[in-house]
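Report on the following structure.
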Amino acid sequence: MPALTDMTNSHFPLFGGNGGGAGSSNNLGIAPFPYRLGIRRYPLTRAPFATALALTILAGCSYAPPSRAAIKPAAKRNPAPAFTLKDSQGTSFNLADYKGKVVLLNFWATWCGPCKLEIPWFVEFEKNYRDKGFAVLGISMDEEGWEVVKPYLDRSKVNYRIAIGNDMMAQQYGGVESLPTSFLIDRNGKIAAVHVGLVSKGDYQKDIEHLLGSAKQSAAKPHVPIVPATAVPAVQ
Amino acid sequence: MLPSLTFLLFPQLLFPQFNSILTVQSPPPMAMKTGVETPVKLHVKLNSGYHVNSDKPADEYLIPLKLTWTAEPLTISSITFPEPKMEKYSFSEKPLSVYTGDFDIVTKFRAPANTPKGEKTITGKMRYQACSTTACYPPRSADVKIIVNIY
């Protein structure tokens, strides 16, 4: 009896191509989800023991807990990949427009329950921290695009900028294997933290306040770590 | 030598689908008499800690479980999904209509009287969207193949 499981997501172009399309070589601090471990991207013959060990551990883990990465020291942050998208008003914008601000870049979808729990938090953050140099950017990964996103936005009274994501952008940000996935970008356009899955409002708040508060120190002494180095936990 | 030993010790490395959240087990080859309704059961296995929306999710934005077949000239009388569970998750105000663990979907096929006799392959596609308690995964499709011997 064959057990057939589709590893492809060719019907879902926003999430990339077949198998292990994502994250095999990202430097954003997030690890690829085992869902997408594909032989093509992970040549098993190159490091059989390491690969065997990693995959065996992953195979035994059927549940992916949320991953909250601590704020990285400024010196260890990588630049956030540039992108240009159109918002719900049809206005083009790019990440560089936000240089000098702390940005919460949130990948979400209307079909994602945990994402929708976070949205009111982000509305509050946008309202409370906007004047301090903070902005939320919501990137919807809905296949149907504005057709489903606009009605949802009208209902939920989102006060921050929303755009429809695309496959290329998702790949640049490590594949975005699951939603919600959020990147906290510092005032210098560098990724300070990655949150995969639902994390608490308090955690977000703490990180945002830290980045807003430490921005002056960071600008004055750009190479001095703000907090001790902490490894970014993997998605799984 | 080393890679061979690795695959021998860890056969799942050859079959990355074992790492998937959901698997659909196709039934063995089966006989189907023309003019008679024949039920076909698909067994679905969902990994612990995950759920998929039922065929009738509680929220309009949620993506339903959907099974579609390419079976011509066979006709489909019905597709029966199991009774969903109403589960409450921390991210949702209301309980959601979901499937978890193992469940079966039954499709009733009928081969019209003029159907050519012999072996035929029926293919299906099950679209699902899975979540854990803290994250959701993009909608995906699992392919299903059934070999039927029409007589």
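The values are calculated or read from the model by the stated rules, or taken from the named source; none is laboratory data. Quick caveat: nothing in here was measured; it's all calculated off a predicted structure. As a convention, Cβ positions derive from the backbone with ideal geometry for all residues, glycine included, and neighbour counts pool all protein chains shown. For the accessible areas, the whole protein counts, side chains as well, though only heavy atoms, and no ligand, DNA or RNA atoms are used. Shrake-Rupley method; radii C 1.70, N 1.55, O 1.52, S 1.80 Å.
Give me the strands (runs of 3 or more DSSP E) completely within segment B:22-62, filtered to those with at least 3 residues that are of a type in the set (A, V, I, L, M) and more than 8 Å from chain A (Cβ to nearest Cβ), ordered by residue number.
Numbers: elements: B:22-25, B:30-32, B:37-46, B:51-53.
Counting at least 3 such residues, we get B:30-32, B:37-46.
Candidates are the residues of segment B:118-149 that are away from chain A (no Cβ under 14 Å) and surrounded by fewer than 18 Cβ atoms within 10 Å (Cβ to Cβ); the one that is farthest from B:PHE81 (Cα to Cα) is B:GLY118.
B:THR115 meets each of the listed conditions (1) within 14 Å of chain A (Cβ to nearest Cβ); (2) open to solvent by less than 30 Å² (accessible area, probe 1.4 Å) apart from (1).
Filtered by the rule that a residue be more than 12 Å from B:ILE105 (Cα to Cα) and not hydrophobic (A, V, I, L, M, F, W, C), segment B:59-82 gives B:ASP59, B:GLU60, B:TYR61, B:PRO64, B:THR70, B:GLU72, B:PRO73, B:THR75, B:SER77. Checked against the criterion of being closer than 15 Å to B:TYR137 by Cβ and in contact with an Asp or Glu (Cβ under 7 Å, 6 or more places away or on another chain), segment B:49-58 contains one or more residues that satisfy it. As a summary of the residue check, B:THR107 satisfies the conditions (1) more than 10 Å from chain A (Cβ to nearest Cβ); (2) open to solvent by 10 Å² or more (accessible area, probe 1.4 Å) except for the one numbered (2).
When restricted to residues that are within 11 Å of chain B (Cβ to nearest Cβ) and open to solvent by 30 Å² or more (accessible area, probe 1.4 Å), segment A:168-207 contains 1.
Can you pull out every residue in segment B:58-74 that is surrounded by 14 or more Cβ atoms within 10 Å (Cβ to Cβ) and more than 14 Å from the chain's Cα centre (by Cα)? Step through it out loud before you land on a result.
So the first thing to find is which residues in segment B:58-74 are surrounded by 14 or more Cβ atoms within 10 Å (Cβ to Cβ), and the list is B:58-59, B:61-69, B:71, B:74.
Passing the criteria: B:ALA58, B:ASP59, B:TYR61, B:LEU62, B:ILE63, B:ALA71, B:LEU74.
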